[in-house]
Amino acid sequence: MATGADVRDILELGGPEGDAASGTISKKDIINPDKKKSKKSSETLTFKRPEGMHREVYALLYSDKKDAPPLLPSDTGQGYRTVKAKLGSKKVRPWKWMPFTNPARKDGAMFFHWRRAAEEGKDYPFARFNKTVQVPVYSEQEYQLYLHDDAWTKAETDHLFDLSRRFDLRFVVIHDRYDHQQFKKRSVEDLKERYYHICAKLANVRAVPGTDLKIPVFDAGHERRRKEQLERLYNRTPEQVAEEEYLLQELRKIEARKKEREKRSQDLQKLITAADTTAEQRRTERKAPKKKLPQKKEAEKPAVPETAGIKFPDFKSAGVTLRSQRMKLPSSVGQKKIKALEQMLLELGVELSPTPTEELVHMFNELRSDLVLLYELKQACANCEYELQMLRHRHEALARAGVLGGPTTPASGSAPAPAEPVVSEPGLGSDLSKDTIIDVVGAPLTPNSRKRRESASSSSSVKKAKKP
């Protein structure tokens with residue numbers, strides 16, 4: 001059976017300790033249960049300023065009433081609870097149906113609208129938005145002295161300025177309403193040129209000496225060329241559009257090949273610099289007196305570029321290490337280079353894993369680094385020879401076709417290559433295709449041709465290493 005304590009626990013009531021101990025519920029607890037609960041909650045809710053937070057920052061977060069800080073500045077003296085609508089304290093402002101005229105109109109039209117009685121007789125408020133262009137006015141004397149032109153009569157000039165005032169310098173509308181029957185037929189550029197020329201002349205004549213002038217300038221020739229080019233661009237045939245797209249695509253290919261050649265030349269230059277640095281280092285070591293100071297040698301070793309063969313890791317960390325770990329190839333060396341290096345070592349009769357003494361480890365690492373550098377140089381040389389031969393063949397093909405004016409010069413040491421077949425695309429050329437001209441810079445190699453070239457270069461490097 002439920003007791004009073006159970007009921008109090010269900011209703012979340014908190015009474016005096018005596019009532020709670022006896023388990024009885026008073027009449028006040030049932031009638032006003034919220035008062036004690038709110039009192040208890042208000043007493044228990046206490047906020048403490050965190051450590052390290054300044055008092056001013058904490059005051060922004062919490063006020064005395066524990067309200068969130070306002071987003072906008074507000075007057076705390078008069079809140080929404082105290083402000084009440086005051087109805088019937090003043091009389092309603094009267095409105096009146098009254099006529100008005102718009103100063104922007106010149107016809108004197110009369111209109112009616114509702115307006116407050118206090119604003120009767122005032123100007124129409126929207127008349128201030130009527131902005132007009134200030135078209136200059138010239139006299140007969142100014143026209144005869146400064147504005148006279150053999151191609152324009154005074155009546156035609158007056159007609160132009162009258163239309164400019166009427167249509168606010170909208171020259172397309174002015175050209176449409178221009179009296180081409182009475183006067184000479186003019187284009188939009190002619191009308192603009194005449195108008196701005198007169199404005200510039202009047203500004204120069206009427207200007208006060210010593211003031212900076214803002215003279216309007218209109219380049220009629222440039223505007224005519226622009227419209228002519230735009231008309232040509234719009235009137236292109238589908239064949240011409242396709243030809244332009246083709247040429248743009250070929251231009252992007254040429255730029256990509258140029259960047260690739262520049263990158264390859266930079267890599268080749270790095271390899272040559274690394275080879276020269278290594279050779280200079282060897283000469284210096286031979287000239288220097290031989291002293292067994294292995295630790296100082298490693299410290300005084302000049303910095304070699306990363307592309308100079310193989311960069312072996314230095315084991316300078318504390319602890320015991322095996323000397324054979326210094327002979328392990330780093331992960332930056334690819335599998336292809338590793339296989340070529342092993343093959344070259346076998347051809348030279350060198351063991352792949354010699355006894356790891358101090359001197360042997362140093363010499364073996366230097367040998368492998370030189371072999372990898374030799375392999376990269378031969379590969380780069382083979383690539384350059386291949387590209388040079390390809391460009392010679394293309395030059396001969398173009399010379400035979402009559403594109404180049406000079407005589408044909410066959411490649412030295414090789415049979416002349418047959419001219420490549422020229423396939424003309426529809427709408428892009430009549431006798432000769434653009435491929436023969438554009439691809440002189442060098443054609444991109446397919447993956448199969450690259451693989452064949454790399455395998456041939458690696459085998460040739462091994463065969464050259466065999467020879468004494």
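The values are calculated or read from the model by the stated rules, or taken from the named source; none is laboratory data. On a predicted model such as this, the values are computed, not experimentally measured, just so you know. Positions of Cβ are backbone-derived with ideal geometry, glycine not excepted, and every protein chain shown enters the neighbour counts. Note: accessible area is taken over every heavy atom of the protein model, side chains too, but ligands, DNA and RNA are not part of it. Shrake-Rupley method; radii C 1.70, N 1.55, O 1.52, S 1.80 Å.
Tell me, what ³J(HN,Hα) does each residue in segment 262-271 have, in order and in whole Hz, if you take phi through Karplus 6.51 cos²θ - 1.76 cosθ + 1.60 with θ = phi - 60° and put x for Gly and Pro?
Per-residue couplings from phi come out as 4, 5, 5, 5, 5, 4, 5, 5, 5, 5 Hz.
Can you give the three extents of the C-alpha atoms in segment 115-251 along their principal axes, from longest to shortest, in whole Å?
74, 52, 42
Would you calculate the separation in nanometres between label points at Arg261 and Leu11, each defined as 7 Å from the Cα along the Cα-to-beta-carbon direction?
Once both label points are built, they end up 9.8 nm from each other.
When the Kirkwood hydrodynamic radius is evaluated over all pairs of different C-alpha atoms of segment 170-249, what value in angstrom, to one decimal, is obtained?
Details: mean 1/r = 0.0619 Å⁻¹.
Here the Kirkwood hydrodynamic radius works out to 16.2 Å.
Please compute the net charge surrounding Glu223, taking Lys and Arg as +1 and Asp and Glu as -1 over other residues with Cβ under 12 Å from its Cβ. Don't jump to the answer; show the numbers that get you there.
Details: positive: Lys192, Arg224, Arg225, Arg226, Lys227; negative: Glu189, Asp190, Glu193, Asp219, Glu228.
After counting each charged neighbour, the total is 0.
Between Phe167 and Phe112, what FRET efficiency comes out of the Förster formula 1/(1 + (r/R0)^6) with R0 = 45 Å and r the beta carbon distance, rounded to 0.05?
Numbers: r = 30 Å, r/R0 = 0.67.
That gives a FRET efficiency of 0.90.
Would you check the accessible area of Asp179, probe 1.4 Å, heavy atoms only, in square angstrom rounded to 10?
50 Å²
Can you pull the semi-axes for segment 228-290, root of five times each eigenvalue of the Cα gyration tensor, sorted largest first, whole Å?
Values: eigenvalues 659, 17, 3 Å².
Taking √(5λ) for each Cα gyration eigenvalue gives 57, 9, 4 Å.
Hey, if we sort Ser265, Ser369, Ser332 by accessible area with the 1.4 Å probe, largest down, what's the order?
Descending accessible area places them as Ser332, Ser265, Ser369.
What chymotrypsin sites (Phe, Trp or Tyr not before Pro) does segment 84-159 have in DSSP loop regions with at most 11 other beta carbons within 10 Å? Intermediate results must be reported in sequence, preceding the final value.
Working: sites: Trp95, Trp97, Phe100, Phe111, Phe112, Trp114, Phe126, Phe129, Tyr138, Tyr143, Tyr146, Trp152; in loops: Tyr138.
Nothing satisfies the criteria.
Using a Förster radius of 22 Å, what is the FRET efficiency between Leu367 and Glu387 based on their Cβ-Cβ separation? Nearest 0.05, please.
After rounding, the FRET efficiency stands at 0.10.
Considering the options Gln229, Ala256, Val241, tell which one lies farthest towards the positive end of the dipole of segment 221-264, charges being +1 on Lys and Arg and -1 on Asp and Glu at the Cβ, about the Cα centre.
In segment 221-264, that residue is Ala256.
Determine, at each q value in 0.13, 0.18, 0.24, 0.31 (inverse angstroms), the log₁₀ of I(q)/I(0) that the Debye formula gives when each Cα of segment 327-382 is one equal point scatterer.
Scattering profile of segment 327-382, log10 relative to I(0): -0.33, -0.62, -1.05, -1.43.
Rg (Å, one decimal) plus Dmax (Å, integer) for the alpha carbons of segment 145-186?
10.6, 31
So how much slack lies between Ala242 and Val205, counting 0.36 nm per residue of separation and subtracting their Cα-Cα distance, in nm?
Working: separation 37, 0.36 × 37 = 13.32 nm, distance 5.46 nm.
Additional length available on full extension: 7.9 nm.
So what's segment 93-143 giving for Rg/Rh, alpha carbon basis, Kirkwood Rh from the mean inverse pair distance?
Value, to two decimals: 1.26.
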